Amino acid sequence: MFSLIESFRSAISSVRAHGFRSFLTTLGIIIGVSSTIAVVSVIQGLSYSINQQFEGFGSNSISVRSFTPRSERLKGKIARITPQDVERIREGVEGVEHITPTLGSNVGGTSSIKYKGIEAFGQVAGSTYTYQAVQNIDIKHGRFLSYSDNQTRRKVVVIGEKLREDLSLPKNPIGEYIFFAGEWLKVIGLAEPKGSFFGFSQDNFAVVPYSTMQSLNGNLLEPDIFVQLQLKNLDNLEQIKGKIKRILRKEHRLKPGEDDDFKIETPEQLTSGISDVISMLTIVLGGIVSISLIVGGIGIMNIMLVSVTERTREIGICKAIGAKRHHILLQFLIEAVVLSLLGGIIGILLGYGLGMLASASIPNFPPANVPLWAVGIAFGFSAGVGVLFGILPAAKAANLDPIEALRYE
Amino acid sequence: MSLILLEDICKYYYMGDQQVKALSHINLTIKPNEYIAFIGSSGSGKSTMMNILGCLDKPTKGRYLLNEKNVSTLTQNELADIRNKEIGFIFQSFNLLPRASALNNVMLPLVYKGIPLNLRKNLAKEALEKVNLADRMDHIPSELSGGQRQRVAIARALVTQPSILLADEPTGNLDSQTTQDIMTLFDELHNEGQTIIMVTHEDDIAEHCHRVVRLSDGQIVEDYENERKLANV
């Protein structure tokens with residue numbers, strides 16, 4: 001312990017004595033660590049923001065949507081969740097807090113909306129008052145859809161900020177009428193802007209009551225419905241999933257052995273798919289940058305070997321006045337570790353800066369986020385590199401013969 | 001009681017197939033507070049003698065008792081311990097650490113001895129005061145004159161209060177005036193009770209010593225008391 005402190009002192013003074021050389025030596029580690037941290041911080045920022053997006057779904061909700069297996073699609077069949085399916089689920093499944101069917105005007109695409117001769121395109125959905133909680137919508141002006149809006153098929157609409165701008169509606173658009181699918185709808189609410197996600201605006205939407213949408217879509221024969229169910233508690237999640245599956249298979253007249261033409265998803269399933277990709281990405285990139293750390297380590301070993309040769313005489317002096325093997329070993333080993341840790345620290349700071357810079361310079365990219373574990377790993381890894389590549393030069397120094405070393409010119 | 005007892009010490013080297021007898025069958029006793037010089041021309045074996053006495057090297061054959069302890073069979077680490085505690089080295093080329101201040105140079109042996117920092121500093125300061133360098137302790141060796149560097153080296157040798165001061169041509173790199181100063185310092189140290197062993201090829205340096213051992217071809221050819229010096233005491 002005691003000689004450890006002494007070794008640190010001597011290591012730091014030696015690193016300072018060769019300032020520029022020490023900097024060049026640590027450059028390999030600096031580059032390795034900073035690129036690790038930069039890459040990890042950007043990926044983690046991404047993953048953090050994706051998780052934030054999914055949090056809106058609520059952890060005790062499950063969603064049901066239609067899914068056409070590839071083989072069916074080739075035959076030209078398109079699967080749908082029908083209003084009748086929704087009713088069957090509503091009647092047949094217990095333990096559901098509320099059920100939020102969402103009816104797209106034109107699934108996956110956008111619909112034309114007009115206001116005073118201006119036309120804009122947005123995603124129009126028909127849903128119920130529970131949609132607000134499920135989609136995490138905050139209201140800026142007016143109100144969201146109510147229960148009675150749906151019951152009485154009111155021709156009302158709640159719009160997003162982007163759509164308001166595109167239609168040149170007033171800042172407070174409550175009470176204005178917009179034209180959609182052959183009907184005039186009264187604007188009763190404006191949602192707080194959510195910003196954009198990967199360059200796609202999240203505020204380019206309009207929500208009308210579910211029943212209103214049904215009547216607007218009257219001529220559309222088979223609407224496809226996306227259903228979200230808020231569960232009372234998560235304990236019977238599997239039971240409920242099973243129940244929904246049985247109901248839908250029966251409704252869709254699927255024979256045993258035929259694939260489901262729908263998908264029941266939990267938010268965990270959605271996020272875990274993305275986290276899988278992200279962790280794969282992290283591992284692959286981590287592997288690449290750890291190679292650069294090894295290269296940095298070899299640089300340190302090289303300079304330490306030079307340093308041992310240069311200081312052969314000093315080592316001889318130290319041995320003559322009583323240094324034991326472990327004193328010399330520790331001194332050089334700690335010098336290598338100090339060098340690589342120095343590189344690690346500079347690398348962490350630099351990498352953090354680079355990550356910030358990268359995510360700031362890409363428009364609409366989520367901010368970088370450096371997790372503590374990445375800092376810990378970078379720090380530990382650079383210390384490890386120091387020990388690994390410092391041990392050989394240090395052993396060489398410790399094993400020098402004092403007489404030979406003293407004679408060295 | 002003898003401080004050093006050499007019994008039938010031999011040291012052989014091999015240069016290729018050729019065996020070189022650096023020392024052969026040396027028997028010698030050195031008592032505490034002796035002031036002894038080993039003299040001889042180059043190749044006489046005096047460097048090997050110094051290495052063995054200083055526990056830097058082990059004899060091929062024979063027994064070396066230091067303070068009645070057999071050191072000829074110790075391991076490298078045990079020898080390092082003996083060098084640290086029992087022996088103070090002074091070299092011809094001073095052998096100070098170039099980047100360390102005088103104070104840090106003097107403190108170094110105490111680091112290996114495991115002395116805590118504060119005590120170490122005090123002991124090193126005392127040693128530097130003893131060689132009249134208290135005002136230069138923050139200077140690094142390149143800022144000091146040759147004589148001052150050798151004083152730092154002497155302070156470093158003294159700081160552990162060793163049994164033996166072992167000086168290898170201590171004035172070889174110094175001018176005549178500084179040589180006189182350094183030799184006076186050795187004389188004073190001897191008067192204070194320090195055992196001093198000197199290795200030199202200069203007769204006027206050996207003049208300072210009370211006992212002179214002349215080596216030639218690895219053997220002791222002369223071992224005499226310095227009458228004039230003894231008469232002065």
Open item on the list: Criterion first (crowded, with 19+ Cβ neighbours inside 10 Å, in contact with a strand residue (DSSP E or B) (Cβ under 8 Å, 6 or more places away or on another chain) and not aliphatic (A, V, I, L, M)) does residue B:35 satisfy it?
Closed with: yes
Open item on the list: When the residues of segment A:135-181 are narrowed to those that are among the small types (Gly, Ala, Ser) and under 28 Å from residue A:228 (Cα atoms), which ends up surrounded by the fewest Cβ atoms within 10 Å (Cβ to Cβ)?
Closed with: A:148
Open item on the list: Exactly one of these conditions fails for residue B:218: (1) on the phi > 0 side of the Ramachandran plot; (2) within 16 Å of the chain's Cα centre (by Cα). Give me its number.
Closed with: (2)
TODO: Only residues that are in contact (Cβ under 8 Å) with a residue 60 or more places away in the chain and within 10 Å of chain B (Cβ to nearest Cβ): list them for segment A:8-17, please.
DONE: A:10, A:14
Task: Number of the exception - residue A:362 against (1) β-branched (Val, Ile, Thr); (2) buried (at least 17 other Cβ atoms within 10 Å of the Cβ); (3) modelled with pLDDT under 90 - done: (2)
TODO: Given the conditions (1) farther than 22 Å from residue A:300 by Cβ; (2) modelled with pLDDT of 80 or more, report the number of the one that residue A:14 does not fulfil.
DONE: (1)
- [ ] Scan segment B:141-162 and give yes if some residue there is surrounded by fewer than 22 Cβ atoms within 10 Å (Cβ to Cβ), among the charged types (D, E, K, R) and more than 10 Å from chain A (Cβ to nearest Cβ), otherwise no.
- [x] yes
Task: Single match in A:91, A:97, A:87 (criterion: under 30 Å from residue A:204 (Cα atoms), at pLDDT 75 or above, in the same structural domain as residue A:211 (by TED's automatic domain parsing) and not in a strand (DSSP E or B)) - done: A:87
- [ ] Scan segment A:130-149 and give yes if some residue there is under 30 Å from residue A:250 (Cα atoms) and not in a helix (DSSP H, G or I), otherwise no.
- [x] yes
Task: Residue ID - farthest from the other protein chains (Cβ to nearest Cβ), chosen from residues in segment B:99-124 that are of a type in the set (D, E, K, R) and surrounded by fewer than 18 Cβ atoms within 10 Å (Cβ to Cβ) - done: B:121
Task: In segment A:287-317, residue nearest to residue B:84 (Cα to Cα) [restricted to those that are within 14 Å of chain B (Cβ to nearest Cβ) and touching a residue at least 12 places away in the same chain (Cβ under 8 Å)] - done: A:317
Task: Candidate set from segment B:92-108 (those that are out of contact with any Pro (no Cβ under 8 Å at 6 or more places or on another chain) and closer than 15 Å to residue B:169 by Cα); member that is modelled with the lowest pLDDT - done: B:93
- [ ] Go through A:68, A:100 for me and flag whichever is under 22 Å from residue A:208 (Cα atoms) and among the hydroxyl-bearing types (Ser, Thr, Tyr).
- [x] A:100
- [ ] Identify, by number, the condition in (1) more than 14 Å from chain A (Cβ to nearest Cβ); (2) under 21 Å from residue A:406 (Cβ atoms); (3) buried (at least 17 other Cβ atoms within 10 Å of the Cβ) that residue B:57 doesn't meet.
- [x] (1)
Open item on the list: Looking at segment A:351-367 only, could you name the residues that are part of a loop (DSSP other than H, G, I, E, B) and touching a Gly at 6+ places or on another chain (Cβ under 8 Å)?
Closed with: A:363, A:364, A:365, A:366, A:367
Open item on the list: Take the residues in segment A:260-281 that are modelled with pLDDT of 80 or more and under 22 Å from residue A:69 (Cα atoms); name whichever of them is surrounded by the fewest Cβ atoms within 10 Å (Cβ to Cβ).
Closed with: A:263
TODO: May I ask you to list the residues in segment A:146-161 that are in contact with a helix residue (DSSP H, G or I) (Cβ under 9 Å, 6 or more places away or on another chain), under 16 Å from residue A:176 (Cα atoms) and not β-branched (Val, Ile, Thr)?
DONE: A:154, A:155
Task: Of all residues in segment B:62-98 being within 11 Å of chain A (Cβ to nearest Cβ) and free of Cβ contacts under 8 Å to residues at least 12 places away in the same chain, the one that is farthest from residue A:319 (Cα to Cα) - done: B:75
Task: Subset of segment A:64-81 that is in contact with a Phe, Trp or Tyr (Cβ under 7 Å, 6 or more places away or on another chain) and part of a loop (DSSP other than H, G, I, E, B) - its residue that is surrounded by the fewest Cβ atoms within 10 Å (Cβ to Cβ) - done: A:67
Open item on the list: Of the residues A:216, A:237, A:185, only one is assigned by TED's automatic domain parsing to the domain that holds residue A:134 and closer than 26 Å to residue A:50 by Cβ; which?
Closed with: A:237
- [ ] Kindly indicate whether residue A:174 is touching a His at 6+ places or on another chain (Cβ under 6 Å), in the same structural domain as residue A:223 (by TED's automatic domain parsing) and not in a strand (DSSP E or B).
- [x] yes
Task: Flag for residue A:20 being modelled with pLDDT of 80 or more, within 14 Å of another protein chain (Cβ to nearest Cβ) and assigned to a helix (DSSP H, G or I) - done: no
Open item on the list: Residue pairs, Cβ under 6 Å, 6 or more apart or interchain, first in segment A:171-184 and touching a residue at least 40 places away in the same chain (Cβ under 8 Å), second in a loop (DSSP other than H, G, I, E, B). List them.
Closed with: A:176/A:169
Task: Index of the failed condition, residue A:129 passing every other in (1) under 32 Å from the mean Cα position of the chain (by Cα); (2) loosely packed, with under 15 Cβ neighbours inside 10 Å - done: (2)
Task: Verdict on residue A:188 being among the hydrophobic types (A, V, I, L, M, F, W, C) and in a loop (DSSP other than H, G, I, E, B) - done: no
- [ ] Have a look at A:370, A:385, A:284 and point out the one that is more than 14 Å from chain B (Cβ to nearest Cβ) and either at pLDDT 90 or above or not in a helix (DSSP H, G or I) (or both).
- [x] A:370
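The values are calculated or read from the model by the stated rules, or taken from the named source; none is laboratory data. If you're wondering where the values come from, they're calculated on a predicted model, not measured in any experiment. When we count neighbours, we look across all protein chains shown, and the Cβ atoms used for this are built from the backbone with ideal geometry, even at glycine.
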